1. Inspect all residues belonging to the range 105-112 and state whether any of them is outside any strand (DSSP E or B) and touching a strand residue (DSSP E or B) at 6+ places or on another chain (Cβ under 8 Å).
2. Determine, yes or no, whether VAL117 is free of Cβ contacts under 8 Å to residues at least 60 places away in the same chain and of a type in the set (Val, Ile, Thr).
3. Anything in the range 5-24 that is touching a residue at least 60 places away in the same chain (Cβ under 8 Å), in contact with a Pro (Cβ under 7 Å, 6 or more places away or on another chain) and buried (at least 16 other Cβ atoms within 10 Å of the Cβ)? List them, or say none.
4. Can you tell me which residue is most open to solvent (accessible area, probe 1.4 Å) among those in the range 84-123 that are closer than 14 Å to TYR8 by Cβ and hydroxyl-bearing (Ser, Thr, Tyr)?
5. Filter the range 124-134 for residues that are more than 18 Å from CYS95 (Cβ to Cβ) and not small (Gly, Ala, Ser); which is surrounded by the most Cβ atoms within 10 Å (Cβ to Cβ)?
Amino acid sequence: MVQLALDYLQYFIIHFDRDRASLEDAYADNAILSCSVVRDKTLIVSEARAFSGCSSDSLLAIGPQEISQALVSFGDHRFFPYNTESSHIDYDIICLGNEQVLLIVHTKVVNDTGKRVAVDQTFILSSHTDDACRWPLLALSHQMVLRDSNWLPARLVTIPWTT
């Protein structure tokens, strides 16, 4: 299941960058996407808010079609912009049983002008029995948190009382 979750993440990133409408197939029929924008800058300068395309600080989409439409409406940012071959992606995978996994991903998206948005995502992924489906797993739940400031991995954070 861990390798299938990594395969899902790879496919998701490729399709997000190339053809977000095709992400419709990555979600189960009853899937839910929730997206929140953390406002650490004013609304006027918040790149996270501009990327989300939301008129409010949150978005909720239910079902594959509505989810893919929401993702298509996001800005032109990519996980792998045209001028890069690598990106920092920090993830964790927890097997939940019943052929389901929790996939947690911390990364960023960048547009062609270099503006960045930190993206924290949590997926609950499940196996499926549809042989025609090209996705290794299907998302039951997808949560996104968008921020202007980067997430700091625990290994990079200095805690004052431990030094």
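The values are calculated or read from the model by the stated rules, or taken from the named source; none is laboratory data. Since the model is a prediction, treat every value here as computed from it, not as a measurement. Note: ideal-geometry Cβ built from the backbone for every residue, glycine included; neighbour counts use all protein chains shown. When the accessible area is computed, the model is the full protein with side chains, heavy atoms only, and any ligands, DNA or RNA have been set aside. Shrake-Rupley method; radii C 1.70, N 1.55, O 1.52, S 1.80 Å.
1. Residues of the range 105-112 that are outside any strand (DSSP E or B), as a first pass: 111-112.
Narrowing further to those that are touching a strand residue (DSSP E or B) at 6+ places or on another chain (Cβ under 8 Å): 111.
Scanning the range 105-112 turns up at least one residue that is outside any strand (DSSP E or B) and touching a strand residue (DSSP E or B) at 6+ places or on another chain (Cβ under 8 Å).
2. On the way: free of Cβ contacts under 8 Å to residues at least 60 places away in the same chain: no; of a type in the set (Val, Ile, Thr): yes.
So VAL117 does not fit the description; no.
3. Of everything in the range 5-24, just one residue is touching a residue at least 60 places away in the same chain (Cβ under 8 Å), in contact with a Pro (Cβ under 7 Å, 6 or more places away or on another chain) and buried (at least 16 other Cβ atoms within 10 Å of the Cβ), namely TYR8.
4. Restricting to residues being closer than 14 Å to TYR8 by Cβ and hydroxyl-bearing (Ser, Thr, Tyr), the top hit is TYR91.
5. The first filter runs over the range 124-134 and keeps only residues more than 18 Å from CYS95 (Cβ to Cβ), leaving 129-134.
From what is left, the residues that are not small (Gly, Ala, Ser) are 129-131, 133-134.
Numbers: THR129: 5, ASP130: 9, ASP131: 5, CYS133: 12, ARG134: 9.
In this case the residue turns out to be CYS133.
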